[in-house]
Every structure is written in C-alpha cells, then in structure tokens.
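Below: the structure, in structure tokens.
The values are calculated or read from the model by the stated rules, or taken from the named source; none is laboratory data. In this text, all values refer to a predicted model and were calculated from it rather than measured experimentally. For neighbour counting, all protein chains shown are included, and Cβ atoms are generated from backbone atoms with ideal geometry for every residue, glycine included. These accessible areas exclude ligands, DNA and RNA; they are computed on the full protein's heavy atoms, side chains included. Shrake-Rupley method; radii C 1.70, N 1.55, O 1.52, S 1.80 Å.
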Amino acid sequence: MAARNGKKTVGSLVLSLGACVVAAGVIYVFVPHDESQKTPIKRVDYRIELLTARRAASYPVAAPEGLPKAWKPTSVRYQGESNESWHLGFLDPDGQYVAVEQSTDRPSRFIDEASQGAEKTGRTQRIAGETWRRYKGEKYDALVLEKNGSTTVVTGTAGFDGLAEMADALKMKKSTAA
C-alpha cells in the first residue's frame, strides 16, 4: 500500500504543477502588461562633481554650457587616482548617448577605451576654433582633442552631428579656488 500511495503522491504533484503552469499562462495572457514602458533614466545634477574635478584636475575640465534642457545628464564621475579621469554622460534630445571623457592617460589607450575601439578616420572637424579628430566605430563614434596635458573624447551613439553639438558647447575650465 505504501508504494501505491507514493505513486499517487507523485502523480498528484505532477497534476498540481501542470495546473499551476496553466493558471500562470492564463493570467499572463489576460492581465495587461506593457513591456515597451521602461524605467525612465533619471537626470543627474553634476555641478558638485564638476567643481570638485575642476579643483583637483591638473587640466581644464570640460563641461557643456548652454545646451538645451532636452539634453539629459545621466552620469558623472571624477577619479583622480585613475589618470585624473573625468566622465560626464548625457542622452541627447533623440535619446542617443553622448559622453564627455577626459584623462591624462596615454592618449592611444584612453581614446580606445573611451570610444570602445573606434578607429581614427584621418578626418578632422573644426569646432569652436579647435581641430577635433574623428574616430568611427561599430558601437560609438568619437571626436578627439588633445590639449592642455589631457585628452578630451566626445563619444557615443549620436553620430557626428550630435557629438559636434556637445563639443561646441564644452567649456574647459580649471578652478582657481583652493
């Protein structure tokens, strides 16, 4: 009798599990859900980090001035111990990613890392009186400026027009306050 009860228990378990799977499937099908709704990316205030970076860095730190409000800052960090690395990430009005990256690291290594492997095109672009080199990549394109002991990379998915708009808005400053 014990063996027979064991078979009934396993059979009942299988039937119960099947009923649960069917019920879950029915609930999934009939309960409305919108997978196109993603959690919105929050706007970050980067003013404190910018002031800190401009005081600490050995080079003038770049940040945009006068960009339309539709440009959403999404990430910021300054790492003094890591080749004085400055990062400021944005979403442009079309939702494309644009980042401003600066560092005192060896330019070739830094450009490769910041642009995620983009290759130099041999083309340049004049922006706000400066000559920026163009890099083209599978994931990101980039505009690169080497000046004042650092390398500035404006990179992302926004295409060269979006990158140029960001580069044009950049003001490179060093804080004089101690």
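Details
- Count of region 160-178 residues which are within 20 Å of residue 91 (Cα to Cα) and either without any contact (Cβ under 8 Å) to a residue 60 or more places away in the chain or among the hydrophobic types (A, V, I, L, M, F, W, C) (or both): 9
- Region 149-178, residues that are among the polar types (S, T, N, Q) and crowded, with 17+ Cβ neighbours inside 10 Å: 150, 151, 152, 155, 157
- Against the test of being within 17 Å of residue 46 (Cα to Cα), open to solvent by less than 50 Å² (accessible area, probe 1.4 Å) and not aliphatic (A, V, I, L, M), the options 73, 107 yield a single qualifying residue, 73.
- Residue match in region 90-98 (condition: open to solvent by less than 30 Å² (accessible area, probe 1.4 Å), of a type outside the set (Phe, Trp, Tyr) and not in a helix (DSSP H, G or I)): yes
- Yes/no for residue 128 being of a type in the set (A, V, I, L, M, F, W, C) and either open to solvent by less than 20 Å² (accessible area, probe 1.4 Å) or under 17 Å from the mean Cα position of the chain (by Cα) (or both): no
- Residues (aliphatic (A, V, I, L, M) and either over 30 Å from residue 89 (Cα atoms) or modelled with pLDDT under 75 (or both)) located in region 14-61: 14, 15, 17, 19, 21, 22, 23, 24, 26, 27, 29, 31
- Here residue 101 fits the description: under 18 Å from residue 143 (Cα atoms), modelled with pLDDT of 95 or more, charged (D, E, K, R) and part of a strand (DSSP E or B).
- Pairs meeting the criteria (first residue in region 143-159 and assigned to a strand (DSSP E or B), second residue charged (D, E, K, R) and open to solvent by 20 Å² or more (accessible area, probe 1.4 Å), beta carbons under 6 Å, at least 6 apart or on different chains) are 144/133; 145/130; 153/101.
- Meets criteria (open to solvent by 50 Å² or more (accessible area, probe 1.4 Å), among the basic types (Lys, Arg) and part of a helix (DSSP H, G or I)) for residue 123: no
- Sub-6 Å Cβ pairs linking a first residue in region 66-90 that is of a type in the set (Asp, Glu) to a second residue that is not in a strand (DSSP E or B), at least 6 apart or interchain, are 84/57; 84/104, ordered by first then second residue.
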